[in-house]
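Chemist: Before I ask anything, here is the structure I am working with.
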Amino acid sequence: MSQTININGVDHTVDVDDDTPLLWVLRDVLGMTGTKFGCGMALCGACTVHLNGTAIRSCVTPVSAVVSQPIITIEHIGETDAGKKIQAAWLNAEVVQCGYCQSGQIMSATALLASNPKPTDADIDAAMAGNICRCGTYVRIRDAIKQAAGLATALPLEA
């Protein structure tokens, strides 16, 4: 069935079944591979995108549920104010190790900052719950979110 979805401000007409997960439309149909497949059950957060500004798991969201709603992916997040801040802080805090989870982590952190510019530790914990990092960079992720929010200064890099 042909459906039109808005990804990063651009309408795309896709010919997929209504129940096709948005993740597979992004990756396989549109060739946007920044959003990652992790678990396929909305447990790891690797597939996080924004739907109307809210972080959602694209692996369990059917494409029929997002028709006529704005979707932002990692490919476009740097165009938003919160996304620019998060990306800069991510680099400054040297968050990334293997990098696989990072698009989902950044998408969740950006949604948090866009809705709550001065999050508490509890706010950060709640927003980032369900985003798994196999490398365990959680301390650096929290620091980067605080840096982006202006709640912490950059930590000196270790030699």
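The values are calculated or read from the model by the stated rules, or taken from the named source; none is laboratory data. Bear in mind that the values here come from a model prediction, so they are computed numbers and not experimental data. Note that each Cβ is placed from the backbone with ideal geometry, even for glycine, and that neighbours are counted across all protein chains shown.
Chemist: Hey, can you tell me all the residues within region 75-98 that are among the hydrophobic types (A, V, I, L, M, F, W, C), surrounded by fewer than 21 Cβ atoms within 10 Å (Cβ to Cβ) and not in a helix (DSSP H, G or I)?
Modeler: Correct list: V96, C98.
Chemist: Collect the residues in region 99-118 that are of a type outside the set (A, V, I, L, M), in a helix (DSSP H, G or I) and buried (at least 19 other Cβ atoms within 10 Å of the Cβ), keeping them in residue-number order.
Modeler: Once the filter is applied, which keeps residues that are of a type outside the set (A, V, I, L, M), in a helix (DSSP H, G or I) and buried (at least 19 other Cβ atoms within 10 Å of the Cβ), region 99-118 yields Q102, S103, G104, Q105, S108, T110.
Chemist: Same structure, new question: Which of the residues spanning region 50-74 are surrounded by fewer than 16 Cβ atoms within 10 Å (Cβ to Cβ) and under 10 Å from the mean Cα position of the chain (by Cα)?
Modeler: Correct list: T54 only.
Chemist: Also, quick follow-up: List every residue pair whose Cβ atoms sit under 9 Å apart, with the two residues 6 or more apart in sequence or on different chains, where the first one lies in region 49-69 and is in a strand (DSSP E or B) and the second, anywhere, is crowded, with 23+ Cβ neighbours inside 10 Å and among the basic types (K, R).
Modeler: What qualifies is V49/R57.
Chemist: Only one of (1) out of contact with any Cys (no Cβ under 8 Å at 6 or more places or on another chain); (2) not in a strand (DSSP E or B) is not met by C44, so which one is it?
Modeler: Of everything listed in (1) out of contact with any Cys (no Cβ under 8 Å at 6 or more places or on another chain); (2) not in a strand (DSSP E or B), C44 misses just condition (1).
Chemist: Restricting the first residue to region 79-105 and requiring it to be among the charged types (D, E, K, R), which pairs with a second residue that is modelled with pLDDT of 95 or more and not in a loop (DSSP other than H, G, I, E, B) meet a Cβ separation below 8 Å and a spacing of at least six or different chains?
Modeler: Cβ pairs passing all conditions: D81/A114; K84/G78; K85/L113; K85/A148; E94/R140.
Chemist: Search region 121-132 for residues being at pLDDT 95 or above and surrounded by 12 or more Cβ atoms within 10 Å (Cβ to Cβ), and hand back the single one that is nearest to C98 (Cα to Cα).
Modeler: If we take residues in region 121-132 being at pLDDT 95 or above and surrounded by 12 or more Cβ atoms within 10 Å (Cβ to Cβ), then I132 is nearest to C98 (Cα to Cα).
Chemist: Return the total of residues in region 127-141 being closer than 14 Å to M107 by Cα and assigned to a helix (DSSP H, G or I).
Modeler: Here the count works out to 3.
Chemist: Under 8 Å between Cβ atoms, at least 6 apart or on separate chains: pull out the pairs that start in region 109-126 with a residue that is outside the structural domain of G83 (by TED's automatic domain parsing) and end on any residue that is outside any helix (DSSP H, G or I) and acidic (D, E).
Modeler: Listed pairs, sorted by first residue: none to list.
Chemist: Looking at G45, G38, G31, which one is buried (at least 21 other Cβ atoms within 10 Å of the Cβ), at pLDDT 95 or above and on the phi > 0 side of the Ramachandran plot?
Modeler: G45
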